[in-house]
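Some notes on the structure that comes next.
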Amino acid sequence: MAGLVIGPVPGWAHAIIVSAQPAAGASVSGPDVDLAFTFNVRVDPQRSKLTLTGPDGSNSDIVIVADDSPAVLAGHLTGLKPGAYSVRWQVLATDGHITRGDVAFTVLP
């Protein structure tokens, strides 16, 4: 019988968001808001996406800006009016899997 060796396996973890700016449920001052989503693994910014949903239900793509960390997707929003917003993130991680989620926040008047 061939031996079976059980040991550490390479990191095949999906990308999980570990921190968000603004934080989920946060209230922030506008009209300009910086975004930074940090993940537990390196993500591919060219194959990842950030989408903003505004208080009126409209969607717009967010330009991803360069960050020093390969585990961060960052962006900058301008001209936001008061109300409830949500950023939908979709990332391609180093394990080749796509994960996604939403971070909701409110812009104060």
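The values are calculated or read from the model by the stated rules, or taken from the named source; none is laboratory data. Here the structure is a predicted model, which means the values were calculated and not measured. Don't worry about glycine lacking a Cβ; one is built from the backbone with ideal geometry, like all the others, and counts go over all protein chains shown.
Among the residues of the stretch 83-97 satisfying the criterion of being modelled with pLDDT of 95 or more and surrounded by 14 or more Cβ atoms within 10 Å (Cβ to Cβ), which is farthest from S27 (Cα to Cα)?
So in the stretch 83-97, the residues modelled with pLDDT of 95 or more come out as 83-91.
Narrowing further to those that are surrounded by 14 or more Cβ atoms within 10 Å (Cβ to Cβ): 85-91.
On the way: Y85: 10, S86: 12, V87: 14, R88: 17, W89: 19, Q90: 23, V91: 25 Å.
Residue satisfying both the conditions and the ranking: V91.
Which of the numbered conditions does D34 fail, given that it passes all the others? Conditions: (1) among the charged types (D, E, K, R); (2) assigned to a loop (DSSP other than H, G, I, E, B); (3) at pLDDT 95 or above.
Condition not satisfied by D34: (2).
So which residues in the stretch 56-109 are in contact with a helix residue (DSSP H, G or I) (Cβ under 7 Å, 6 or more places away or on another chain) and farther than 12 Å from L35 by Cα?
Within the stretch 56-109, L92 is the sole residue that qualifies.
Go through the stretch 66-101 and report how many residues are charged (D, E, K, R), over 12 Å from L52 (Cβ atoms) and in a strand (DSSP E or B).
1
Considering only the stretch 28-43, how many residues are hydroxyl-bearing (S, T, Y) and under 12 Å from the mean Cα position of the chain (by Cα)?
1
With the requirement that a residue be modelled with pLDDT under 95 and either closer than 16 Å to H76 by Cα or touching a Cys at 6+ places or on another chain (Cβ under 9 Å) (or both), what does the stretch 16-31 give you?
G30
Residues that are part of a loop (DSSP other than H, G, I, E, B), of a type in the set (V, I, T) and modelled with pLDDT of 95 or more: does the stretch 46-59 have at least one?
no
Need the failing condition index for A36 against (1) surrounded by 12 or more Cβ atoms within 10 Å (Cβ to Cβ); (2) farther than 21 Å from L108 by Cβ; (3) aliphatic (A, V, I, L, M), just the number.
(2)
Have a look at A84, A66, A71 and point out the one that is of a type outside the set (V, I, T) and either closer than 14 Å to A20 by Cα or touching a Leu at 6+ places or on another chain (Cβ under 9 Å) (or both).
A71
I'd like to know if the stretch 64-82 contains one or more residues that are surrounded by 14 or more Cβ atoms within 10 Å (Cβ to Cβ), in contact with an Asp or Glu (Cβ under 6 Å, 6 or more places away or on another chain) and over 20 Å from A24 (Cβ atoms).
no
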